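Trainee: Pasting in a structure now, in structure tokens, and then I'll have a few things to ask.
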Amino acid sequence: MQIKPADFTAPDILALIRQHLEFSNQDACTHALGLSDLQKPDIEMFTAHDADNNLMGCAALKTLGPHSGEIKSVRTHDDHLRKGVSRALMAHIEQIAKSSGMTALYLETHNTPQYAAACRLYEALGYEYCGPFGDYAQNPRNVFMVKEI
């Protein structure tokens with residue numbers, strides 16, 4: 001698996017971002033970022049590709065401050081589920097965050113059945129539940145997690 005910065009001109013990443021937004025927008029509380037937001041200067045998006053250069057997934061790191069970041073837009077392509085794609089992307093983001101001096105990573109996700117697998121992955125990676133951070137507000141469906149890195 002090769003992980004590299006996202007190419008926002010590639011049709012496959014544009015399609016995966018659209019799919020991610022459609023999935024996320026099923027839940028009225030979503031904070032998923034659209035294409036223009038993912039290209040802002042405080043966000044780095046990465047894609048994972050297989051040996052044949054097929055897109056396997058994507059994930060982004062948003063800088064919150066000099067010592068913290070937020071995981072955004074983690075999505076595995078349907079053809080590559082349960083192959084460790086999201087786990088590899090999360091590990092890559094942690095390395096990038098550490099190298100930039102960050103000591104904590106946060107994320108916001110949902111406690112609905114559609115996000116149960118994501119929550120299990122984040123728990124397995126050492127993320128712990130916490131209260132809202134940044135501009136987020138608590139609602140009945142969202143949960144917040146943090147990991148010291």
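Every number in this text was worked out from the coordinates using simple rules, so none of it is lab data. Please read all numbers here as calculations on a predicted model, not as lab measurements. We place every Cβ from the backbone using ideal geometry, glycine too, and count neighbours over all the protein chains shown.
Trainee: Just for the stretch 2-40: of the residues that are part of a helix (DSSP H, G or I) and loosely packed, with under 12 Cβ neighbours inside 10 Å, which one is farthest from the chain's Cα centre (by Cα)?
Mentor: In the first step, residues of the stretch 2-40 are kept if they are part of a helix (DSSP H, G or I); the result is 11-24, 35-38.
With the extra rule that they be loosely packed, with under 12 Cβ neighbours inside 10 Å, the set shrinks to 11, 22, 36.
Numbers: P11: 19, E22: 15, S36: 16 Å.
Per the criteria, the residue is P11.
Trainee: Another one. Is the stretch 82-91 home to any residue that is surrounded by fewer than 21 Cβ atoms within 10 Å (Cβ to Cβ), in a helix (DSSP H, G or I) and not aliphatic (A, V, I, L, M)?
Mentor: yes
Trainee: Please list, ordered by first then second residue, the pairs with beta carbon atoms under 6 Å, 6 or more apart or interchain, first in the stretch 63-82 and in contact (Cβ under 8 Å) with a residue 12 or more places away in the chain, second in a strand (DSSP E or B) and aromatic (F, W, Y).
Mentor: Going by the 6 Å Cβ cut-off, the qualifying pairs are E70/Y106.
Trainee: Counting only residues that are surrounded by fewer than 12 Cβ atoms within 10 Å (Cβ to Cβ) and more than 21 Å from R82 (Cβ to Cβ), which one in the stretch 112-134 is nearest to the chain's Cα centre (by Cα)?
Mentor: Here the answer is E128.
Trainee: Now for a different question. Checking G69 against (1) under 17 Å from A118 (Cα atoms); (2) surrounded by 22 or more Cβ atoms within 10 Å (Cβ to Cβ): exactly one of these is not met. Which one?
Mentor: Here G69 clears every test but (1).
Trainee: What tally of residues in the stretch 101-133 results from selecting those that are at positive phi and either basic (K, R) or in contact with a strand residue (DSSP E or B) (Cβ under 6 Å, 6 or more places away or on another chain) (or both)?
Mentor: As a first pass, look at the stretch 101-133 and keep what is at positive phi: 101, 126.
If we keep only those that are either basic (K, R) or in contact with a strand residue (DSSP E or B) (Cβ under 6 Å, 6 or more places away or on another chain) (or both) as well, we get 126.
So the answer is 1.
Trainee: Anything in the stretch 135-149 that is surrounded by fewer than 13 Cβ atoms within 10 Å (Cβ to Cβ) and either assigned to a loop (DSSP other than H, G, I, E, B) or among the aromatic types (F, W, Y) (or both)? List them, or say none.
Mentor: Residues of the stretch 135-149 that are surrounded by fewer than 13 Cβ atoms within 10 Å (Cβ to Cβ), as a first pass: 135, 137-140, 148.
Within the stretch 135-149, D135, A137, Q138, N139, P140 meet the criteria.
Trainee: Scan (1) in contact (Cβ under 8 Å) with a residue 40 or more places away in the chain; (2) of a type outside the set (S, T, N, Q); (3) out of contact with any Lys or Arg (no Cβ under 7 Å at 6 or more places or on another chain) for the single condition L14 breaks and write down its number.
Mentor: (1)
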